[in-house]
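What follows is a single structure, written as structure tokens, with notes after it.
The values are calculated or read from the model by the stated rules, or taken from the named source; none is laboratory data. All values reported here derive from a predicted model rather than from experimental measurement. So basically every Cβ, Gly included, is an ideal-geometry build from the backbone, and we count neighbours across all protein chains shown. Heads up: the accessible areas ignore ligands, DNA and RNA and are worked out on the full protein's heavy atoms, side chains in. Shrake-Rupley method; radii C 1.70, N 1.55, O 1.52, S 1.80 Å.
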Amino acid sequence: MNGTATRPQLGGATAKRPGWAGVGVLFVAACLAVVGTDARLAAEPQQPSASAPRFSSEDLDFYAKQVEPLLKEHCWKCHGGGEKVRGGLRLTNRTAILKGGDLGPAVDLDKPAESLLLQAVNYRDGLEMPPTGKLPADKIAILTRWVERGLPMPSDPKAEADHGQPGPSPADRSYWAYQPVRRPIVPQVRQAEWVRNPIDAFILARLEAAGLEPAPEADRVTLIRRLYFDLLGLPPTPEEVDAFVRDAAPDAYERLVDDLLARPQHGEKWARHWLDLVRFAETNGYERDGPKPNAWRFRDYVIRSFNADKPFDRFIREQLAGDELAHRWEQEGRDETEIAEAIVATGYYRLGLWDDEPVDLEMAKFDGLDDIVATTCQVFLGMTMNCARCHDHKIDPLPQTDYYRFLAFFRDVPHFSLTRDVTSKFNQTDITPRARRVLYEAELNRRTQRIEELTRLLTDIEDEAIRKMPAEDQRAAEGIDRPQVVRKVPMFLDEPRRQEYERLLKDREALRKLPLPPREMALSINNCLVPPPPTHVLIRGNPHAKGPAVEPGYPAVLGFSDPVLPTIPPGARTSGRRLVLADWIASPDNPLTARVLVNRLWQHHFGRGIVASSNDFGKYGSKPTHPELLDWLADELVRPADPSDAWRIKRMHRLIVTSNTYRMASRTRPEALQRDPDNELFSRFPMRRLTAEEIRDAMLAVSGKLNLRQFGPSIYPPIPREVLAGQSRPGEGWGKSSPEEASRRSIYVYVKRSLLLPILNQHDLADTDNSCPVRYTTTVPTQSLGMLNGAFTNEQASHLADRLRREVPNDLAGQVRRAIRLTTGREPSEREVADDLALIADLRTRHGIGEAEALRWFCLMQLNTNEFVYLD
């Protein structure tokens, strides 16, 4: 970057300046503008408002005769009473000056000499105001006396009321999402017999108020298929469907739910939702899109956590501060598996994009921190804090200082890597079990000692030979040219000594080439920055334009006291800040965390959250359709009757899916379609298409090829050559798995940002560059083309045909029935079987296709039916 760089100036104009040097100083100066007042204040002195101090007539006369003319000449043009002001700073009244703008308060009444106003007019600490040139000394002296006298000026009651006290207003704090969660009273309804649990009462109350009735209950085949895909992400087998349909016990449905929640496939299904949120990928993006070594351990951690029904508050703490927990647990003598899990959980910080060749390293570091702030606030709190990186949030009451106070919690997290090496001491931690680590270290020490011993022996022989060389070579061997001299050593050795020398060289080289003893490494945060670097407000988000320093803090609008940070003891490996933040987020008193989580659970069961914008509970997001239900669910999550159930997600799943609301059919009455066309009242169950992973996994399941082996490094299913050709280096970064391994579930497919598996990509796979709260379902021609012509679909059609011939030999009608049962779960009608037999016969007679190929074509058709790829 030796050319020119543009810099923002006061008023939005741009100027060019060579390179980046000095831009921070001028950028800060351009944004600072800290004084000025509205021309209307030049009238007669007014009595101050109740909130302002009472100034003497002498003070007010000083302002009117000396300060105001100065401000009018040098400051009002950009920072007067206009609708827009530069740098967020306006001098409409004394309160506005004390509140300040992008850099914070312009005047410090307790320490006048440290006021930003005086720093700026004196051109100190990188601040220069006005930017057109430094004021004369006599004018600087006037402003200095003004500040020292307490900033006397006439009061404007209207402006005082508009600005109020610094910080969020009562109106800001009254917003629904910022209110404490309070359990509402379960409403009374007329159709009380329809209510299985409180969820139904809240839904039915809204329906009755709208003059609507809930849709009837879905049939059992529909219900079991719905439950299997919602809880496992897989289709039920025909035998499982039959067993449920025939089970007449009153608790048959509840027992099925409990069985599915206990299966290991449940964690795989629900981990995928979480991985979408935390932008999980196994490569870094950008041009090279290099790997994130051992990222798969984080994926496995999430699966295990959901299967174990780990309390969500612990799940939060482990991801945000697992390394700090691990240090505490080590001292407590906790199980090393728990400790390793907590370290793996911090892979959360390493999942985002990483530029291995940034133009501006400092900007790249803050881009990485911004990714962490954005993801953490959106995923756990439903807040778009990242919108306040460069200025105050335009919609929500989140000032820029809140953004940097929140960012300060993460300042001990080191950058992913400071070189182009994707494996750095900052992003990998050895989690090898202690017993194996002892063996590993012993072997490594043995090799190191042997290499050192061989090196000493070789050096002795080399020195012996060098003494026989010409004086010029002997002198060269004493400096940096020794390696070149050593190449001549064999020429100055007798035969036995030369053979010994070559044998020692060979032994040392063999040891160096040995692979390292096996150990377990985890993508994580390591070697934290202790103590953390100071955090400053960055003007317009520019790391080269530092504003005031800030300390870690929570969003002010939520009304919490400033955090008490732990004292960092000597030798500490972390600052302890992130655990403070995690404890606050995981607190039952946090008004957002529980609401955001239960809304996500509802979203993934019903296709849309009670708050549709599930990553944004702010004013720009959607309003809750059922706010009382949202609060009831949130309170039930954190304050259940049995405290040991607090934050348990499986219990919430069971509560939701055993409700009558969940059991409704997707078909409903005409009046419901007319009055509730978007189903905002949940008058019926929403039909949905299977997700990308569900489509692929369902194909593997019905073809009989699904490999249910869990965990471990990711898999690489085949990708067509024409897709690989789209890479700058075709095939780079994509391995090759055996056919058996390639048939594992889709959650284990390697996630390379620049190269996605076609069958998944064409069905709306999550965007991994940012947190993905909702996968929007598209219907485009490439999906049908891929399903009909794609290599994977055709391969699974062949396997399904083979399965039919094995399971129903020599019975074409039986094979057709079996295919329909496998793909839809239901019993086909005789007419349907007859039509499909006619299709197969037509393929054979009209198109000359053999019996086996005709059956394969029929299977391909079954995999392309709406009934296969849609629920309900």
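Pairs are defined by a Cβ separation below 6 Å, a sequence spacing of at least 6 or placement on different chains, a first member in region 513-528 that is open to solvent by 40 Å² or more (accessible area, probe 1.4 Å), and a second member that is charged (D, E, K, R) and assigned to a loop (DSSP other than H, G, I, E, B); the pairs so defined are Asn527/Lys425. All told, Glu357 meets the bar of being touching a residue at least 24 places away in the same chain (Cβ under 8 Å), open to solvent by 30 Å² or more (accessible area, probe 1.4 Å) and either in contact with a His (Cβ under 7 Å, 6 or more places away or on another chain) or in a loop (DSSP other than H, G, I, E, B) (or both). Checked against the criterion of being modelled with pLDDT of 95 or more, closer than 19 Å to Phe229 by Cα and either out of contact with any Ser or Thr (no Cβ under 7 Å at 6 or more places or on another chain) or assigned to a helix (DSSP H, G or I) (or both), the candidates Gln796, Gln862, Gln815 yield just one match: Gln862. Would you point out which residue out of Arg844, Arg856 is assigned to a helix (DSSP H, G or I), charged (D, E, K, R) and open to solvent by 40 Å² or more (accessible area, probe 1.4 Å)? On inspection, the qualifying residue turns out to be Arg844. Within region 467-524, the only residue that satisfies the criterion of being of a type in the set (Ser, Thr, Tyr) and within 30 Å of Tyr301 (Cβ to Cβ) is Ser524. Applying the criterion of being aliphatic (A, V, I, L, M) and open to solvent by less than 10 Å² (accessible area, probe 1.4 Å) to the residues of region 685-727, the residue that is farthest from Gly607 (Cα to Cα) is Ile715. Please verify whether region 489-507 includes one or more residues that are in a loop (DSSP other than H, G, I, E, B), of a type in the set (S, T, N, Q) and either open to solvent by 80 Å² or more (accessible area, probe 1.4 Å) or in contact with a His (Cβ under 7 Å, 6 or more places away or on another chain) (or both). Looking for residues that are in a loop (DSSP other than H, G, I, E, B), of a type in the set (S, T, N, Q) and either open to solvent by 80 Å² or more (accessible area, probe 1.4 Å) or in contact with a His (Cβ under 7 Å, 6 or more places away or on another chain) (or both), one finds none in region 489-507, hence no. The number of residues in region 409-437 that are closer than 15 Å to Gly347 by Cβ and touching a Cys at 6+ places or on another chain (Cβ under 9 Å) comes to 3.
From the residues in region 177-232 that are part of a helix (DSSP H, G or I) and exposed (fewer than 15 other Cβ atoms within 10 Å of the Cβ), which one is nearest to the chain's Cα centre (by Cα)? For region 177-232, the residue satisfying everything is Ala209. For region 469-488, a residue qualifies if it is in a helix (DSSP H, G or I), free of Cβ contacts under 8 Å to residues at least 12 places away in the same chain and not hydrophobic (A, V, I, L, M, F, W, C), and the qualifying residues are Glu472, Gln474, Arg475, Arg482, Pro483, Gln484. Does region 741-756 contain any residue that is in contact with a strand residue (DSSP E or B) (Cβ under 9 Å, 6 or more places away or on another chain), of a type in the set (Phe, Trp, Tyr) and assigned to a loop (DSSP other than H, G, I, E, B)? For region 741-756, residues in contact with a strand residue (DSSP E or B) (Cβ under 9 Å, 6 or more places away or on another chain), of a type in the set (Phe, Trp, Tyr) and assigned to a loop (DSSP other than H, G, I, E, B): present. If I go through region 123-141 residue by residue, how many of them are over 21 Å from Lys77 (Cβ atoms) and aliphatic (A, V, I, L, M)? Total meeting the criteria: 2. If you filter region 101-122 down to residues that are assigned to a loop (DSSP other than H, G, I, E, B) and small (Gly, Ala, Ser), you find that the one that is farthest from Cys78 (Cα to Cα) is Ser115. Within region 420-436, the residues that satisfy the criterion of being surrounded by fewer than 18 Cβ atoms within 10 Å (Cβ to Cβ) and touching a residue at least 60 places away in the same chain (Cβ under 8 Å) are Arg420, Thr423, Lys425, Asp430, Pro433, Arg434, Arg436. Among the helices (runs of 4 or more DSSP H) confined to region 571-684, the ones with at least 3 residues that are open to solvent by less than 30 Å² (accessible area, probe 1.4 Å) and closer than 30 Å to Phe409 by Cβ are located at 577-585, 593-606, 627-638. Annotation: His415 fulfils all but one of (1) within 21 Å of Asp360 (Cβ to Cβ); (2) assigned to a helix (DSSP H, G or I); the unmet one is (2).
Of all residues assigned to region 277-284, at least one qualifies as being over 26 Å from Thr419 (Cα atoms) and in contact (Cβ under 8 Å) with a residue 40 or more places away in the chain. Residues that are charged (D, E, K, R) and either touching a Phe, Trp or Tyr at 6+ places or on another chain (Cβ under 8 Å) or without any contact (Cβ under 8 Å) to a residue 60 or more places away in the chain (or both) within region 824-855 comprise Glu827, Glu830, Arg831, Glu832, Asp835, Asp836, Asp842, Arg844, Arg846, Glu851, Glu853, listed in sequence order.
Let me spell it out: the conditions are (1) surrounded by 13 or more Cβ atoms within 10 Å (Cβ to Cβ); (2) closer than 30 Å to His415 by Cβ; (3) aliphatic (A, V, I, L, M), and Leu454 meets all of them except one. Which number is the exception? Only one criterion is unmet by Leu454, namely (2). Would you confirm, using the coordinates I've provided, whether Asp460 is open to solvent by less than 60 Å² (accessible area, probe 1.4 Å) and either out of contact with any Ser or Thr (no Cβ under 8 Å at 6 or more places or on another chain) or not in a helix (DSSP H, G or I) (or both)? Against the criterion (open to solvent by less than 60 Å² (accessible area, probe 1.4 Å) and either out of contact with any Ser or Thr (no Cβ under 8 Å at 6 or more places or on another chain) or not in a helix (DSSP H, G or I) (or both)), Asp460 does not qualify.
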